[in-house]
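Some notes on the structure that comes next.
The values are calculated or read from the model by the stated rules, or taken from the named source; none is laboratory data. Because the structure is a prediction, the values reported are computed rather than measured. With ideal geometry, Cβ positions are generated from the backbone for all residues, glycine too; neighbour counts draw on all protein chains shown.
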Amino acid sequence: MAFILLSRCVAVLVFLLPSQSLLPVVKAAGLNLYTDKEALLSFKSQVTIDPLNTLSSWNSSSSPCNWTRVSCSQVHQRVIGLDLSGLRLTGSVSPHIGNLSFLRSLHLQENQFAGVIPDQIGSLSRLSVLNMSLNSITGPIPLNLTKCLNLQILDLMQNKISGAIPEELSSLKSLEILNLGKNNLSGTIPPSFANISTLLTLDLATNNIGGLIPADFGRLKNLKHLDLSINNLTGTVPLSLYNISSLVFLAVASNQLRGEIPDDVGDRLPNLLNFNFCINKFTGSIPRSLHNLTNIQSIRMAHNLLRGYVPSGLGNLPELQMYNIGYNLIKSSGDEGLNFLTSLVNSSHLNFLAIDGNLLEGPIPESIGNLSSSLRSLYLGGNRIHGRIPASIRHLRSLALLNISYNYVSGEIPPEIGELTNLQELHLAANKMSGRIPNSLGKLQKLNVIDLSANELVGSVPTTFVNFQQLVSIDLSSNRLNGSIPKEVFSQASLSKTLNLSSNQLTGPLPQEIKGLENVAAVDFSHNHLSGSIPDTIGSWKSLEKLFMDDNMFSGAIPATLGDVKGLEILDLSSNQISGTIPNNLGKLQALHLVNLSFNDLEGLLPQEGAFTNLSRIHVEGNSKLCVDLTCWNNQHGKKTSTAIYIVIASIAAVAVCSVIAVLLCVRKRKGKVMPRENSIKLQHPTITYRELCKATGSFDTGNLIGKGKRGADQQSITSTGGLRGSIGYIPPAFSGGLSIIKWVQSDFPANIEQVVDPELLLSIQDFQPDARFTSPEKQRECLISVLGVGLSCTADSPDQRADMRDSLQKLKTARDTLLKPPLDHKPDLDLEAGIGESSIKP
């Protein structure tokens, strides 16, 4: 009797317990289909968003074996599979998932699950597949996963999982695929992973893993896919790794690895299809044996320190899709220096070719047009390529990106480029191209980016540019373009990054149609001959961040509508003829942090708020009527009355002085004529105005000082030379053999320029890597030659033979910009799937 009462009490107690406590109690009595249903309903309760309403069939009135995306076994009628992949579900993973004791596969990838992986998942002893990739899972990898001894696939890629990789995962002796890539994992790679002999794929890419690559990995004889890219790995690649002959995919890109790549790597890894060693510090040469792998699809070794020549054998690669050796020290010479490209005509599947940023020399071969019809990206920039662009390039009809910038290419832009109707990016900057911009470029309706800057192009901007429908950035700066800016340029509503027409010879006013550039972020019209007033419609450029219109002939007032451009960060209207007051609403632009209005004819009071309160960020010199503060403003207005009196007195005094001078001249004329000195003007030094000097030195900014000596800064020495003829602040010393410093430098210029440069400076130049970008020694040497060349041109004995100061300044700026300008070539090769990098466009 007592037993019966006790049983009823327990039953009532179970009934009264909340559902969250029910499962553990039932679990103690045994798991079945009912507990599977309760576990799945608990899982559903943790899903907060189900946009496709997929889980609507999950309810307590039906069997879970009939629910969407649920699989049951025929024999035991238990849940063995759950596939919720790609449903865009939001929520967290319920810990009651651990009660699905018969579960063999769990697919939760491509959703928006957050939170941690529940420890209870370790109770799924039959689980063979766990895929939670492409979610927002956080926290560490739970150690309980090591209890899932039947696990064959563990895929946690592209989440926010952190912490170290548990070494205990090596106890999963049946594991074939381990994918932990694209997370926030740290620590080192557990050497014990070498004990998972069944492993076929190991992907740890895109984490924060450091340390060495374990040498024991050479024991993974079944490994086919190894990806350790984009981490902080150091040291060398263990030689034992090259003994895994089963490898099909090997990627260690974007680490800090060093050493040489074995020349016989292709012989030791005969099954290799993808080889990616980009963005490291590998030395030596390109392994010749890689060109013997007739089935290889991708060879990538960009951004290293590889030297030597491109080895023969490129014609042996019929399956090749990507070949990237950009940004190394690979060289070639002579008129046949690029003929190795001809061998690639056999690679009919080639879609990506990059040899940019090397020391390759020679003309582009006519056979370039015979490359694969599938070729989409062609990077040739940053070499020593000369000659013309062959017309045969018209045959590369699939080309989406063409980059030949930073070379010595001459001649006209071939109109045949206009036949590349799939072209999205065209980069021909910093060459020696001449002639007009062909109208045929207007046929490139898919063009996103066009950069023809720093050439010798003439003529006007083609009106056919109106045909561009997807243009994002245009750079035609530093050419010799003339005429007015066609209004068609301003109709590019798609232009969202850059419009750069600076340093040309453009004339005329800006049309009212400029309002069409409402999405552009940066505009540069500086260093032209543009005139007229700045249209009020400039206020429609709502996305504008940077505006450069300096060194033109703009007149009129600053449009008050500029105050409507809320995102404006930099404004430069210096060296124009702008008059009137500065609109007060410019002070309300919160993003504005740099303003240059110097050398205009502005008047009134400087705005007293926003960026104008930090005078270190404001340049207004050369505006004599402009008041910086209220004290100046009050003084000017308080003296208006007295000024009128002074003018009358001054006028009377002027008349008196003129009368006296007239009398004296008459007396002197009677005494005899004075002969004028011949060439009195011609013998004077070229005149530099205070305005130009301020502009050239950044208003005598200390950052532009040449150096310091016993007397202090060199600018102080300039003012101390007094009447010393032929010198401004410096007298060259004599060198041994009677050579002056000028003659000494000239004797070694430019062939042996290293002999006349301070060795410490040479070391600094060699280590110079702006923004962590590799700068080729050739580019560094060219910059050095340019700078010393300007110096020598200013040392002629005769003032008439010396270089004009403004020309010298322009040459120095060009040398600086050429060295510092980010490469227009592809960004570091981080897109390890597509392998297509973006071009970097100068704002």
Exercise. Among the listed residues ILE437, ILE413, ILE485, which satisfies the condition of being closer than 17 Å to PHE525 by Cβ, surrounded by 23 or more Cβ atoms within 10 Å (Cβ to Cβ) and of a type outside the set (S, T, N, Q)?
Worked result: ILE485
Problem set entry | Search result, residues across segment 463-485 that are under 19 Å from LEU447 (Cα atoms) and not in a helix (DSSP H, G or I) | PHE468, GLN469, GLN470, LEU471, VAL472, SER473, ILE474, ASP475, LEU476, SER477
Exercise. Taking VAL345 and the conditions (1) surrounded by fewer than 23 Cβ atoms within 10 Å (Cβ to Cβ); (2) out of contact with any helix residue (DSSP H, G or I) (no Cβ under 9 Å at 6 or more places or on another chain), which numbered condition does it fall short on, given that it satisfies the others?
Worked result: (2)
Seminar exercise, completed: Of those in segment 142-174 that are loosely packed, with under 15 Cβ neighbours inside 10 Å and in the same structural domain as THR90 (by TED's automatic domain parsing), the residue nearest to HIS225 (Cα to Cα) is LEU149
Exercise. Any idea which of (1) more than 24 Å from SER62 (Cβ to Cβ); (2) surrounded by 20 or more Cβ atoms within 10 Å (Cβ to Cβ) is the one GLY139 doesn't satisfy?
Worked result: (2)
Exercise. Do the conditions hold for TYR408, that is, is it in contact with a strand residue (DSSP E or B) (Cβ under 6 Å, 6 or more places away or on another chain) and surrounded by fewer than 24 Cβ atoms within 10 Å (Cβ to Cβ)?
Worked result: yes
Seminar exercise, completed: Looking across segment 368-385 at residues that are among the polar types (S, T, N, Q) and either in contact with a strand residue (DSSP E or B) (Cβ under 9 Å, 6 or more places away or on another chain) or under 24 Å from ASN328 (Cβ atoms) (or both), the single one that is surrounded by the fewest Cβ atoms within 10 Å (Cβ to Cβ) is SER372
For this session: Give segment 37-70 a look and list any residue that's outside any loop (DSSP other than H, G, I, E, B), over 16 Å from ASN99 (Cβ atoms) and either under 48 Å from the mean Cα position of the chain (by Cα) or of a type in the set (Val, Ile, Thr) (or both), or say none.
Result: VAL47, THR48, ILE49, THR54, LEU55, SER56
Problem set entry | Selection from segment 135-159 of residues that are assigned to a helix (DSSP H, G or I) and not aliphatic (A, V, I, L, M) | ASN144, THR146, LYS147
For this session: Taking the options GLU513, GLU518, name whichever one is more than 26 Å from ARG816 (Cβ to Cβ) and part of a loop (DSSP other than H, G, I, E, B).
Result: GLU518
For this session: Considering only residues that are surrounded by fewer than 24 Cβ atoms within 10 Å (Cβ to Cβ) and out of contact with any helix residue (DSSP H, G or I) (no Cβ under 7 Å at 6 or more places or on another chain), look in segment 386-398 and name the one that is nearest to LEU353 (Cα to Cα).
Result: SER398
For this session: Being modelled with pLDDT under 95 and not in a helix (DSSP H, G or I) narrows it down to one of LEU87, LEU31, so name that one.
Result: LEU31
For this session: Specify which of the listed residues (LEU344, LEU371, LEU359, LEU320) is under 23 Å from ALA429 (Cα atoms) and out of contact with any Cys (no Cβ under 8 Å at 6 or more places or on another chain).
Result: LEU359
